[in-house]
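**Q** One structure follows; several queries about it will come next.
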Amino acid sequence: MRFAITALLLAAAAPAQEPWDSFPSNGHQVERTGSPGFVAVYGEEAHAVLTSGDKRPQAVAAVTTVGKGRAFAIAHNGYLSVKFWQEESGFMQHALRWLRKDQKPGVAACVTANPGLESLLREQGYTVVPYVLAQLQDLDFLLLEGEGPRAEEELQAWHAWLIDGGQVLAAICPWGWQQINSRHGWELPRDMAANQLLMPHGLLFVDGYAAAKQDGRFVVDVDTCRAMSCWPLLEKLRKRGGNKHSFTAQELWQLEKTLRGLPAGEQSFVAPLVASLPELDEASAPTPDSPLRAKEDAWTRLAVVALDQQLQKATANNPQVAPGAHAFPGSVPKKAQRVTQVMSFSAAQPGWQSTGLYLAPGEILQVQVLAGETKGWQCRIGAHADKLWHKDRWPRWPSVSRSGEVSANITSPFGGLVYLEAKGKQAQDLELQLDGAVLAPWWQQGKTSDEEWRLLREHPAPWAELQGQYLILTLPSASVRELDNPQQLMDWWDRVVKEQFVFAGEEPPLRPERFVSDVLISAGYMHSGYPIMMHLDVAEARKNRPAVLVDLEELQSKGNWGCFHELGHNRQKPTWTFGGTGEVTNNLFSLYSGEHRSGITPWENPWLQNQKKAGAAYLRDGADFAQWKRMPGVALLCYAQVQKAFGWEPISQVFRVARDLAPAQLPKNDAAKQAFWIRELSLACQRDLRPFHAMWGWPIAESLRQDSSLDELEEWMPDFAELKR
């Protein structure tokens, strides 16, 4: 039905008119609020009116005309706040005037009640009434904020109303909507009400984070806005028969981003674009040896996006193999035996529960329930959860892991290690028989003997797991074939994790942390989260040495700053981490583990040693706190000096105090967090640390200056000359 609507609209639409005369002129600045997302602009009447400040910009706000009606979409609901509506020359006022074609304000309704916004609309001259579908024809203006899916009958009424002259303003943070609503099984293109309405008209809220200019503002640029529209690119594609040389890399990337956001069934844009793309095969697929790059391989990357939409439909009745899956995550030897395993899974165990099984690309995992019910459980195929769509280089398929409900037959075009995960209160203990996968090298703490390991490490799957009590390593099987000491190794890693929890004032976890190595990750060299992701160079054997992650001798003597650092991120708490210290307070755990597991004195840690000259220069130049917050190495010196003098216990004590604060006692802003840290650390050290922090440039709040409990303590100051040694 919606495709028929699209055809009707295209036939009824007036000639395209550029909207930029109604919006602020070139150079106008719009403050960024929160982390806005993007709007895909692909309809014949659709135009971007505000773009991001990325090196490859995308639309943050866009408009379209629909018959007699108009729609405006902006990718963050923060723009509905008072400060963006009160300014007469502001961006949102321009949007309102464009929507109503400079006519007088009419009757408005918010689909989801928003008293604050309703007051603002009244101030603008609108008559605001409750939203009632039966009275839709009495409305001039409709505001959408992020509602869930609407019934077909309501959508039909919206479309007819819009064609007849309705005005729609949609303000939504799309990535935030997806995070919140994924628990319902809702998908951004298909189930967000605004997308259901706007998609047939060439606008769609899509995932991603929009970067602003350095000062935190978006800047209006009409030429960039013109370049955001994909309709002219589609027309050029139709006229020139799919000649990739007719397009710039930026244009192809714009097509790629739009195609990725749209559902595969969209007919006006996706179908003709996909029909013009080359067929992807093993030779052109992204692999570690032949990565696809944004500039040189933009046309092929478009084909990857298109084929990925088909691969998402793969089922056990229609299994598919992704080109390139043989290279990553990897195929299995042709003669590898497919096995039958009976396994039990505890509903009380959070996180991914390993099976020691690997499903080959395109093959079927048969699942038989022996006890319990599968309701509330998910099956995951693949540990490599990071998505690489936004990266300039794709050394593998950008999304290779699949998860979904546990069913009788499960498949994945990419294959991967098999996991079960209890999701929600409905899950109960489960016993399954799993057929059709191959065995992976899988060492389990307290279960695998040395004798068993010598056999298990030869299992044919390309990926292996070493499962300790508090940490699980996922790494290439080749990296563990010669590993003789998994017990000692994982005891060492378990102690790293447990000690960091104890230092942070927390109980050791029921859910083990996970390290997963990948040929490329979504951000940085490593990143925190579940799992903690890292590049393959730490997981692959080196010349004459084991892989970094399993080289116990090296770990015991040198530690691993990066791994300690990411585990520290997982322990960070906002109570004692303020703006500028996101890459600082986690490194307290790097120093802590370096000392406790590798015998490295914190003040002499090589990473910290490299910061001391910069710290001395910072103090010599006047200790500008704004600079301190931009220099994580220098900032860490401030914490390390306290540790050097008083040890780790006072810092751990502050963590415990923070842990036990009631919600009403938690510091609400950066100034309060700084004051909390100085006060509690002073009390824990039994020294007045206000002068010390002032020396480093920290602002000392008036409440701290008047704190009599600190006045009773002896002032402390270290020997700053030690920074020069």
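The values are calculated or read from the model by the stated rules, or taken from the named source; none is laboratory data. It should be emphasised that the depicted structure is a prediction, and the values quoted were computed from it without experimental measurement. For neighbour counting, all protein chains shown are included, and Cβ atoms are generated from backbone atoms with ideal geometry for every residue, glycine included. With ligands, DNA and RNA removed, areas are computed over all heavy atoms of the protein, side chains included. Shrake-Rupley method; radii C 1.70, N 1.55, O 1.52, S 1.80 Å.
A quick yes/no check of all residues on (1) under 26 Å from Asp537 (Cα atoms); (2) surrounded by 19 or more Cβ atoms within 10 Å (Cβ to Cβ); (3) touching a Gly at 6+ places or on another chain (Cβ under 7 Å):
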| position | (1), (2), (3) |
| --- | --- |
| Ser593 | yes, yes, yes |
| Ala616 | no, no, no |
| Gly622 | no, no, no |
| Arg656 | no, no, yes |
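**Q** Oh, and also: Is it the case that some residue within the range 207-230 is under 24 Å from Ala113 (Cα atoms) and more than 24 Å from the chain's Cα centre (by Cα)?
**A** No; the residues of the range 207-230 include none that is under 24 Å from Ala113 (Cα atoms) and more than 24 Å from the chain's Cα centre (by Cα).
**Q** For Gly404, state whether it is in contact with a Lys or Arg (Cβ under 9 Å, 6 or more places away or on another chain), at pLDDT below 95 and in a loop (DSSP other than H, G, I, E, B).
**A** No.
**Q** In this structure, is Ser703 at pLDDT below 95 and of a type in the set (Gly, Ala, Ser)?
**A** The answer is yes for Ser703.
**Q** Exactly one of (1) open to solvent by 30 Å² or more (accessible area, probe 1.4 Å); (2) in a loop (DSSP other than H, G, I, E, B) is unmet by Val584. Its number?
**A** Checking Val584 against (1) open to solvent by 30 Å² or more (accessible area, probe 1.4 Å); (2) in a loop (DSSP other than H, G, I, E, B), the one that fails is (1).
**Q** If we scan the range 175-185, do we find a residue that is surrounded by fewer than 20 Cβ atoms within 10 Å (Cβ to Cβ), touching a His at 6+ places or on another chain (Cβ under 8 Å) and over 18 Å from His47 (Cα atoms)?
**A** There is no residue in the range 175-185 that is surrounded by fewer than 20 Cβ atoms within 10 Å (Cβ to Cβ), touching a His at 6+ places or on another chain (Cβ under 8 Å) and over 18 Å from His47 (Cα atoms).
**Q** Assuming Leu162 fulfils every condition listed in (1) modelled with pLDDT under 95; (2) over 26 Å from Gly208 (Cα atoms); (3) open to solvent by less than 40 Å² (accessible area, probe 1.4 Å); (4) touching a His at 6+ places or on another chain (Cβ under 9 Å) apart from one, which condition is it?
**A** With respect to (1) modelled with pLDDT under 95; (2) over 26 Å from Gly208 (Cα atoms); (3) open to solvent by less than 40 Å² (accessible area, probe 1.4 Å); (4) touching a His at 6+ places or on another chain (Cβ under 9 Å), Leu162 is out only on (1).
**Q** Could you check the range 134-159 and list, in sequence order, the residues that are loosely packed, with under 13 Cβ neighbours inside 10 Å and either within 22 Å of Val82 (Cα to Cα) or of a type in the set (A, V, I, L, M) (or both)?
**A** Ala134, Ala151, listed by residue number.
**Q** Looking at the range 580-598, I want the residues that are of a type in the set (Lys, Arg) and have a partner that is surrounded by 22 or more Cβ atoms within 10 Å (Cβ to Cβ) and not in a loop (DSSP other than H, G, I, E, B) with Cβ atoms under 7 Å, at least 6 apart or on another chain. Which pairs are those?
**A** Listed by first residue and then by second, the contacts come to Arg597/Val496.
**Q** If I ask for residues that are in a loop (DSSP other than H, G, I, E, B), open to solvent by 30 Å² or more (accessible area, probe 1.4 Å) and either modelled with pLDDT under 85 or touching a helix residue (DSSP H, G or I) at 6+ places or on another chain (Cβ under 9 Å) (or both), which ones from the range 264-281 would you list?
**A** Within the range 264-281, Ala264, Gly265, Gln267, Ser276, Pro278, Glu279 qualify.
**Q** Looking for something open to solvent by 40 Å² or more (accessible area, probe 1.4 Å), closer than 26 Å to Trp397 by Cα and not β-branched (Val, Ile, Thr) - is there at least one such residue anywhere in the range 469-478?
**A** Looking for residues that are open to solvent by 40 Å² or more (accessible area, probe 1.4 Å), closer than 26 Å to Trp397 by Cα and not β-branched (Val, Ile, Thr), one finds at least one in the range 469-478, hence yes.
**Q** I'm checking my understanding of the structure. Among residues of the range 61-88 that are buried (at least 22 other Cβ atoms within 10 Å of the Cβ) and aromatic (Phe, Trp, Tyr), which one is modelled with the highest pLDDT?
**A** Phe72
**Q** For residues that are of a type in the set (D, E, K, R) and outside any loop (DSSP other than H, G, I, E, B), tally how many sit in the range 620-637.
**A** Adding up the residues that qualify gives 1.
**Q** A further question on this structure: All but one of (1) more than 28 Å from Val82 (Cα to Cα); (2) surrounded by 13 or more Cβ atoms within 10 Å (Cβ to Cβ); (3) without any contact (Cβ under 8 Å) to a residue 24 or more places away in the chain hold for Tyr126, so report the exception by its number.
**A** (1)
**Q** Looking at (1) surrounded by fewer than 16 Cβ atoms within 10 Å (Cβ to Cβ); (2) under 20 Å from Asn195 (Cβ atoms); (3) not β-branched (Val, Ile, Thr), can you tell me which one Gln103 breaks?
**A** (2)
**Q** Being part of a helix (DSSP H, G or I) and more than 30 Å from Gly37 (Cα to Cα) narrows it down to one of Ala327, Ala347, so name that one.
**A** On inspection, the qualifying residue turns out to be Ala327.
**Q** Where in the range 647-725 are there helices (runs of 4 or more DSSP H), lying fully within it, with 1 or more residues that are under 34 Å from the mean Cα position of the chain (by Cα)?
**A** Passing ranges, in order: 649-659, 670-685.
**Q** How many residues are in a loop (DSSP other than H, G, I, E, B), modelled with pLDDT of 95 or more and out of contact with any Pro (no Cβ under 7 Å at 6 or more places or on another chain) when one looks only at the range 530-550?
**A** Selection size over the range 530-550: 4.
**Q** Moving to a separate point now. Only residues that are closer than 30 Å to Gln254 by Cβ and either at pLDDT 95 or above or aliphatic (A, V, I, L, M) (or both): list them for the range 298-319, please. Lay out the reasoning, then the answer.
**A** To start, the set of residues in the range 298-319 that are closer than 30 Å to Gln254 by Cβ comprises 298-314.
Answer for the range 298-319, where residues must be closer than 30 Å to Gln254 by Cβ and either at pLDDT 95 or above or aliphatic (A, V, I, L, M) (or both): Ala298, Leu302, Ala303, Val304, Val305, Ala306, Leu307, Leu311, Ala314.
**Q** Given the residues Thr64, Thr51, which is the only one that is over 12 Å from Pro174 (Cβ atoms), in contact (Cβ under 8 Å) with a residue 12 or more places away in the chain, in contact with a Leu (Cβ under 6 Å, 6 or more places away or on another chain) and of a type in the set (Val, Ile, Thr)?
**A** When all the criteria are applied, what remains is Thr64.
**Q** Can you find even one residue in the range 484-503 that is buried (at least 19 other Cβ atoms within 10 Å of the Cβ), modelled with pLDDT of 95 or more, not in a helix (DSSP H, G or I) and not basic (Lys, Arg)?
**A** No; the residues of the range 484-503 include none that is buried (at least 19 other Cβ atoms within 10 Å of the Cβ), modelled with pLDDT of 95 or more, not in a helix (DSSP H, G or I) and not basic (Lys, Arg).
**Q** Mind checking which residues of the range 304-318 are surrounded by fewer than 16 Cβ atoms within 10 Å (Cβ to Cβ) and in a loop (DSSP other than H, G, I, E, B)?
**A** Once the filter is applied, which keeps residues that are surrounded by fewer than 16 Cβ atoms within 10 Å (Cβ to Cβ) and in a loop (DSSP other than H, G, I, E, B), the range 304-318 yields Gln312, Lys313, Ala316, Asn317.
**Q** Val111 fails exactly one of the following numbered conditions: (1) closer than 20 Å to His159 by Cβ; (2) open to solvent by less than 30 Å² (accessible area, probe 1.4 Å); (3) more than 31 Å from the chain's Cα centre (by Cα). What is the number of that condition?
**A** Going through the list (1) closer than 20 Å to His159 by Cβ; (2) open to solvent by less than 30 Å² (accessible area, probe 1.4 Å); (3) more than 31 Å from the chain's Cα centre (by Cα), Val111 breaks only (3).
**Q** Another question, then. Would you check if Ala547 is in contact with a strand residue (DSSP E or B) (Cβ under 6 Å, 6 or more places away or on another chain), buried (at least 18 other Cβ atoms within 10 Å of the Cβ) and not hydroxyl-bearing (Ser, Thr, Tyr)? Please lay out each step first, then the result.
**A** Details: in contact with a strand residue (DSSP E or B) (Cβ under 6 Å, 6 or more places away or on another chain): no; buried (at least 18 other Cβ atoms within 10 Å of the Cβ): yes; not hydroxyl-bearing (Ser, Thr, Tyr): yes.
No, not satisfied.
**Q** Any residue at all in the range 514-527 that's open to solvent by 30 Å² or more (accessible area, probe 1.4 Å), of a type in the set (D, E, K, R) and at pLDDT 95 or above?
**A** Checked against the condition, which is being open to solvent by 30 Å² or more (accessible area, probe 1.4 Å), of a type in the set (D, E, K, R) and at pLDDT 95 or above, the range 514-527 yields no hits at all.
**Q** List the residue pairs whose Cβ atoms are under 9 Å apart, where the first residue sits in the range 706-719 and is over 12 Å from Met695 (Cα atoms), the second is part of a loop (DSSP other than H, G, I, E, B) and of a type outside the set (Gly, Ala, Ser), and the two are 6 or more positions apart or on different chains.
**A** Note: pairs meeting the criteria are Leu710/Leu689; Leu713/Gln686; Leu713/Arg687; Leu713/Leu689; Glu714/Gln686; Glu714/Arg687; Glu715/Arg687; Glu715/Leu689.
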